[in-house]
């Protein structure tokens, strides 16, 4: 059944949020801090691994880098656009509105938890590639693996940030669901090079989220989200010129 992978992923995030909420009261502040730092370091290395896979190649025993200029341009241009639109602020405002809807006004970490969890589970390569495979062939195996990983991450985030983390399940449902639904249309346009570039950009953003989790909010990752459009525009230009 096409789309089942996203539904399982959605359920895993909700389940992780519930488990994390149940654990929250039993975890001291010191323990929550070290758990968050451990989670942040793990996310850093997950992001770094994705970046290295996307930018480094081995040929004849020699390691070379590729697409460095494209990735740099994507982040710079995307960052400028994101700052002008102020995406991160809009995400925070969405989190605040959700907080008001569920009458959780006393939860100071609601919006931060919502934004952080949404970025962690949505911007990685597995969300894009897994949703495409699910929509094209019905192979949801990658999304099942992602669901397990997200479950663990969300348990930790919910134990630290609280109920706001659970609401990241809904952007995930919409985001991955749309990719799956339109996979047949998107697949001919998604060359291997484009998927690789999008995955690399996503991994860099995941790395940024990991840095924020470990050291506190320093990088406005939400404002870098438009970086995803630069490799797409680059691919369109290449196809037009070719």
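The values are calculated or read from the model by the stated rules, or taken from the named source; none is laboratory data. None of these values were measured; they are calculated from a predicted model. Here the Cβ is made from the backbone with ideal geometry for all residues, glycine too, and neighbour counts use every protein chain on show.
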Test: residue in the range 191-202 that is in contact (Cβ under 8 Å) with a residue 12 or more places away in the chain, surrounded by fewer than 17 Cβ atoms within 10 Å (Cβ to Cβ) and over 19 Å from residue 71 (Cβ atoms): no
When residues of the range 99-119 are limited to those that are over 17 Å from the mean Cα position of the chain (by Cα) and under 20 Å from residue 220 (Cβ atoms), the one modelled with the lowest pLDDT: 108
Picking from 219, 136, the residue that is in contact with a helix residue (DSSP H, G or I) (Cβ under 6 Å, 6 or more places away or on another chain), over 17 Å from residue 10 (Cβ atoms) and outside any helix (DSSP H, G or I) would be 219
Name every residue in the range 122-137 that is under 12 Å from the mean Cα position of the chain (by Cα) and either under 15 Å from residue 185 (Cβ atoms) or at pLDDT 90 or above (or both), in order of residue number. 128
Which residue pairs have Cβ atoms under 8 Å apart, sit 6 or more places apart or on different chains, and have a first residue in the range 50-71 that is touching a residue at least 40 places away in the same chain (Cβ under 8 Å) and on the phi < 0 side of the Ramachandran plot and a second that is part of a strand (DSSP E or B) and surrounded by 10 or more Cβ atoms within 10 Å (Cβ to Cβ)? 55/65
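So that you can scan it fast, the table gives a plain yes or no per residue for (1) modelled with pLDDT under 85; (2) within 24 Å of residue 118 (Cβ to Cβ):
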position	(1), (2)
188	yes, no
195	yes, yes
201	no, yes
206	no, yes
212	no, yes
216	yes, yes
219	no, yes
224	no, yes
228	no, yes
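For the range 230-242, what are the residues that are surrounded by fewer than 17 Cβ atoms within 10 Å (Cβ to Cβ) and either at pLDDT 90 or above or within 18 Å of residue 192 (Cβ to Cβ) (or both)?
Restricting attention to the range 230-242, the residues satisfying the condition of being surrounded by fewer than 17 Cβ atoms within 10 Å (Cβ to Cβ) are 232-233, 236-242.
Within the range 230-242, 232, 233, 236, 237, 238, 239, 242 qualify.
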List the residue pairs whose Cβ atoms are under 9 Å apart, where the first residue sits in the range 5-21 and is within 8 Å of residue 166 (Cβ to Cβ), the second is not in a helix (DSSP H, G or I), and the two are 6 or more positions apart or on different chains. 21/162
Of the numbered conditions (1) in contact with a helix residue (DSSP H, G or I) (Cβ under 6 Å, 6 or more places away or on another chain); (2) more than 21 Å from residue 209 (Cβ to Cβ); (3) at pLDDT 80 or above, residue 27 satisfies every one except a single condition; which is it? (3)
Within the range 54-97, tally of residues that are in a helix (DSSP H, G or I) and farther than 20 Å from residue 196 by Cβ: 18
